[in-house]
Amino acid sequence: GVLGTNCPIPPNSNYTYKFQAKDQIGSYTYFPSTLLHKAAGGFGALNIYHRSVIPIPYGYPDGDFTLLIGDWFKTSHKTLQQSLDSGKPLPFPDGVLINGQTQSTFSGEQGKTYMFRISNVGLSTSFNFRIQGHTMKLVEVEGSHVVQNLYDSLDVHVGQSLAVLVTLNQPPKDYYIVASTRFSRTVLTATAMLHYANSQTPVSGPLPAAPAFQFHWSMQQARTYRWNLTSNAARPNPQGSFHYGKITPTKTIVLANSASFINGKLRYTVNGVSYVNSDTPLKLADYFNIPGVFTMDSIQGLPSGGAATVATSVMPVSLHDFLEVVFQNNENTLQSWHLDGYDFWVVGFGSGQWNPHKRRTYNLVDALTRHTTQVYPNSWTAVLISMDNQGMWNLRSAAWGRQYLGQQFYLRVFDPVRSLTNEYDIPSNVLLCGKAVGFHP
């Protein structure tokens, strides 16, 4: 959980969290969401496999490799946190690591096909992934089975995951696996090795080149990601049986990110509001009707002028609303946005300012669902969300320094009628902190 939903687990203690992974077959990651613990290496992969009775839209791979790729800093996570607290942005990273290593080897047999699950577990940097001499067939993105296009290289932004199939159909030798930073003046590169079991030839030759083109190329690639409408979801019904493009949104929310100075220190904002954590998780305050923890009028659903402010900001929506959310990025840096508790359909990317006429460019047929989307510099990204999961859900920058300094808020998805069909009861082992101490579940 996150601080708006759960109390942090105290030192030298443990907490058992039970959940069902029934609807989300695919490649994910987990990490602690307090402070900058993620930068200390507290992350891992969470791969959810299909039930045997529900077929997948590709042949079983002969092996399954997980690659956690991310930027790395020589300074400790505490020093990085102190830098942010003092009003400085995160520095440029010192390197890129694959599975925490500077050199890894992935071995396979000639003629066989392997799945590579690739996740960007970094704090702030997009990367491009490629394998020397091999093409990659994209098959899954954060739980969505996708149309199986072939790629020479793939951009993966902070917080995102995808899975590709790679057939070892080249002469038996060793080949470079490369991840290099994108959209940065200094390019940092990590390499690993794809080893053919019958190889007698060490890796050689120049590294496969990254794309020569920048943001427009990356946006064009992102538009080629399409939902596989004939593939099964977690159940026998096809992914495309929910016709999202035929539903009229109940509300449009436009969210603009910005870097601001508040009381002389750097803060990041959404629609002019920089989020600050409360000592009491918002979900507990809502459940126990504890006043004074958050307000639902501090952040608006459209960007507004005026000075940046600080608040524990919550935006109300009703259970079963169907939202159109536009991420408007007026900065020169690529943004990455994540919503807890949901997938959303990524229906459009575009340059400049979004306006209602841009809806004509939306993909309302086979846009894929995912939980994290990129927003290119001075551009917009539009998503559609079916608000069918009651709760208090964090919508945040996946770039952790920006999240830490306020580029986040919570969506309160609510129905006044309390029902187990909408939401389970509060867990009996719930942790209580802040103003919730002394209440009984």
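The values are calculated or read from the model by the stated rules, or taken from the named source; none is laboratory data. None of the values given here were measured: they were computed from a predicted structure. Cβ: placed from backbone, ideal geometry, glycine included. Neighbour counts: every protein chain shown. The area values use the complete protein model at the heavy-atom level, side chains included, leaving out ligands, DNA and RNA. Shrake-Rupley method; radii C 1.70, N 1.55, O 1.52, S 1.80 Å.
How about region 423-441: which of its residues are open to solvent by less than 40 Å² (accessible area, probe 1.4 Å) and farther than 30 Å from Ser260 by Cβ?
Those that are open to solvent by less than 40 Å² (accessible area, probe 1.4 Å) and farther than 30 Å from Ser260 by Cβ: Ile426, Val430, Ala436.
Considering only strands (runs of 3 or more DSSP E) fully contained in region 131-197, which possess at least 1 residues that are of a type in the set (S, T, N, Q), more than 13 Å from Gly108 (Cβ to Cβ) and touching a residue at least 60 places away in the same chain (Cβ under 8 Å)?
161-167, 174-181, 189-196
Any residue in region 264-271 that is modelled with pLDDT of 95 or more, under 25 Å from Tyr362 (Cα atoms) and outside the structural domain of Ile56 (by the TED database)?
yes
Which residue, of Phe215, Phe261, is more than 23 Å from the chain's Cα centre (by Cα) and within 29 Å of Arg402 (Cα to Cα)?
So the residue among Phe215, Phe261 that is more than 23 Å from the chain's Cα centre (by Cα) and within 29 Å of Arg402 (Cα to Cα) is Phe261.
Given the structure, is Ser278 in a strand (DSSP E or B), in the same structural domain as Val413 (by the TED database), hydroxyl-bearing (Ser, Thr, Tyr) and open to solvent by less than 70 Å² (accessible area, probe 1.4 Å)?
Against the criterion (in a strand (DSSP E or B), in the same structural domain as Val413 (by the TED database), hydroxyl-bearing (Ser, Thr, Tyr) and open to solvent by less than 70 Å² (accessible area, probe 1.4 Å)), Ser278 does not qualify.
Return the residues of region 94-119 that are open to solvent by less than 10 Å² (accessible area, probe 1.4 Å) and within 24 Å of Thr34 (Cβ to Cβ); say none if nothing qualifies.
Listed by number, the list holds a single entry, Ser119.
Enumerate the pairs (first residue in region 379-407 and part of a loop (DSSP other than H, G, I, E, B); second residue anywhere and hydrophobic (A, V, I, L, M, F, W, C) and at pLDDT below 95) with beta-carbon separation below 6 Å, excluding pairs fewer than 6 apart on the same chain, so at least 6 apart or on different chains.
Close Cβ pairs satisfying both conditions: none exist.
Identify, by number, the condition in (1) under 21 Å from Ala398 (Cβ atoms); (2) surrounded by fewer than 22 Cβ atoms within 10 Å (Cβ to Cβ); (3) touching a strand residue (DSSP E or B) at 6+ places or on another chain (Cβ under 8 Å) that Val314 doesn't meet.
Every listed condition holds for Val314 apart from (2).
Among the listed residues Ala259, Ala307, Ala233, which satisfies the condition of being modelled with pLDDT under 95 and open to solvent by 40 Å² or more (accessible area, probe 1.4 Å)?
Ala307
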